[in-house]
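Beneath this line is the structure, given in structure tokens, with notes to follow.
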């Protein structure tokens, strides 16, 4: 996995997500992003390395759940990525790695899109609640999720 974040070329779509199910849901968007220039932000796990072989990847720090040092490390990483390269938009499914990228992207006037995970139907995820004030768009996978996010657009299930 590549960690080089220096790039002055064309704007990229920044796909940010924890490994596992969050990454799987972003990968399900392949028909939408495959013709776009993109860069991934995720963890250096065997699964992510395998799934993102050949893709441009920035490695984030984990674990992120209730880990303040890694939140700060990922905030510095987000600041570097967003400062050193043009980003067209940030698209994320969470989890904790998303927060610093969404907040800093929004402060730089970069569009931010959050896709709530498919398995949280009755209650919002903590990351979605934290990111929500900084989002350009909130997308959900089930009509029922609009009870928590009335402003959201239903896109259907990704998996």
**Request:** Output the residue which, of all residues in segment 21-66 that are closer than 12 Å to residue 94 by Cβ and out of contact with any helix residue (DSSP H, G or I) (no Cβ under 7 Å at 6 or more places or on another chain), is surrounded by the fewest Cβ atoms within 10 Å (Cβ to Cβ).
**Result:** 65
**Lone unmet requirement of (1) touching a strand residue (DSSP E or B) at 6+ places or on another chain (Cβ under 8 Å); (2) surrounded by 23 or more Cβ atoms within 10 Å (Cβ to Cβ); (3) modelled with pLDDT of 95 or more for residue 74** = (1)
**Message:** When you check residue 75 against the structure, is it part of a helix (DSSP H, G or I) and either in contact with a helix residue (DSSP H, G or I) (Cβ under 8 Å, 6 or more places away or on another chain) or closer than 25 Å to residue 137 by Cα (or both), yes or no?
**Reply:** yes
**Prompt:** Just one of the numbered conditions (1) farther than 18 Å from residue 36 by Cβ; (2) touching a helix residue (DSSP H, G or I) at 6+ places or on another chain (Cβ under 7 Å); (3) modelled with pLDDT of 95 or more is not true of residue 92; which one?
**Reply:** (1)
**Item:** Elements of type strands (runs of 3 or more DSSP E) contained in segment 1-67, each with 3 or more residues being in contact with a strand residue (DSSP E or B) (Cβ under 6 Å, 6 or more places away or on another chain), modelled with pLDDT of 95 or more and within 21 Å of residue 127 (Cβ to Cβ)
**Value:** 12-17, 38-42
**Pairs, first under 19 Å from residue 59 (Cβ atoms) in segment 25-43, second at pLDDT 95 or above and assigned to a helix (DSSP H, G or I), C-beta under 6 Å, six or more apart** = 42/23; 42/48
**Message:** touching a strand residue (DSSP E or B) at 6+ places or on another chain (Cβ under 9 Å) and within 17 Å of residue 25 (Cα to Cα): which single residue out of 102, 113 fits that description?
**Reply:** 113
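The values are calculated or read from the model by the stated rules, or taken from the named source; none is laboratory data. Not measured: the values here are computed from a predicted model. Positions of Cβ are generated from backbone atoms using ideal geometry, with glycine treated the same way; all protein chains shown enter the neighbour counts.
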